[in-house]
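To start, the structure under review is shown below, and the notes come after it.
Every number here is computed from the coordinates shown, using simple stated rules; none is lab data. Note that this is a predicted model, so its numbers are computed, not measured. All Cβ positions, even for glycine, are placed from backbone atoms using ideal geometry, and neighbour counts span all protein chains on display.
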Amino acid sequence: MTISRSLWLIGLALLVAAAPILAQDEEPSASDQAKDFCKQFKRIYKKRTSAQLTDDVDTIVAFMKNPDVNAKSQKSLLGAMEKAASSKDAAVRTYVVKKCVGLDESVSKLVLRILQIELKARIPEEDVYEAAFETLGKLKSERPDVTKALTDLLKNKDNSIVAQACYAISLYGGASGKVRKLFFEEVLKQSEGTYNSSQGADDNAKRRWTIMGSEAMDALNNLSVPPRAEADFSNPARARSWYNKHKKKSWKATE
């Protein structure tokens, strides 16, 4: 009886000691879970419905926000987001772009790629590219490829695209002085001629300014603080006069 009881106690002790090992086997790390999810997603994403894909995107984003997921798995997750963004359903592409808000700057390259692909489509989906512009603005990425793409789009022939580019740039308030100054100068260059012509008999300029003017002024006003401490600019001519006096000064924010 004593021997049986001793064996039972020894067995119990072994089970208790082994419990952490068993638990570890049953619960893989967050990085392993993310890695396994990405492997499975890669095999099945083309067969997923739109509703399933949006659920998958939620799962991907949750993993990406998890600080316990390592860099290698984060890269796989970014690849999974890109696959989800290849959906033929514009609603899914829009959803992917919107969910990128709140993630780190690594997603800006993906959002930019989605935007550029959409704008080259035979019939671009407005919901997709508008969401992409807004997300890029909210991410405030200072990557050279992102800033160059946005400034290049200020020269687009489509007035609504120029307005969207101005809107994205207007969200860069609070960015570094270097980037704000760069954007300010480019928006000013692309807006002051249109504004001046719109004050005359140029109907095309009037139409263009009606569409993009408000967004351009928001950009000029948001980007110029600091160093601007005066009232907002009412038009690009006022912005030009101010800029000529401040373009050589530091635009770096002070504590």
Here are some pairs, K88/K138; K72/K99; K98/K245; which of them have Cα atoms lying more than 32 Å apart in this structure?
-> K98/K245
Any chance you could give the angle, 0 to 90 degrees and rounded to 10, that helix 71-84 forms with the longest Cα principal axis of the chain?
-> 60 degrees
In the stretch 153-255, which trypsin sites (Lys or Arg not before Pro) fall in coil by DSSP and have 13 or fewer other Cβ atoms within 10 Å?
-> K155, K157, K247, K248, K249, K252
Using Cα pairs closer than 8 Å and at least 6 residues apart in sequence, work out the relative contact order for the stretch 151-255, in percent.
-> 34 percent
List the trypsin sites (Lys or Arg not before Pro) in the stretch 55-88 that DSSP assigns to loop (not H, G, I, E or B) and whose Cβ has at most 13 other Cβ atoms within 10 Å. Which are they?
-> K88
Pick the calculated Cα Rg over 2.2 N^0.38 Å for this structure from [x] 1.13; [y] 1.78; [z] 1.45?
-> [z]
If one compares the long axis through the Cα atoms of helix 50-65 with the longest principal axis of the Cα atoms of the chain, the angle in degrees, nearest 10, works out at 80 degrees
In nm, the gap between the two label points placed 7 Å beyond Cα toward Cβ at K252 and K138 is 3.1 nm
Overall Cα dimensions of the stretch 151-255 - principal axes, largest extent first, Å = 45, 23, 19
At what distance in nm do the modelled label points of K39 and S241 sit from each other, each positioned 7 Å from its Cα along Cα→Cβ?
-> 6.7 nm
For K206, the lysines lying under 28 Å Cα to Cα, once residues fewer than eight places off in the same chain are dropped, come out as K120, K148, K155, K157, K181, K189
GluC sites (Glu not before Pro) restricted to DSSP loop in the stretch 163-253 with at most 12 other C-beta within 10 Å = E230
State the extension gain, in nm to one decimal, for the chain segment bounded by K189 and R122, taking 0.36 nm per residue of separation less the distance between their alpha-carbons.
-> 21.2 nm
Listed residues A168, A132, A205; largest mean-square fluctuation, Gaussian network over the chain with Cα springs below 10 Å, found at A205
So for the pair S86, S197, with labels modelled 7 Å out along Cα→Cβ, what separation do we get in nm?
-> 4.2 nm
Enumerate the aspartates and glutamates that K248 could reach by cross-link, defined here as Cα to Cα under 18 Å, with residues fewer than 8 away along the same chain left out.
-> E185, E186, E230
On a 0 to 90° scale, report how tilted helix 159-170 is relative to the longest principal axis of the chain, with both axes built from alpha carbons and the result rounded to the nearest 10.
-> 60 degrees
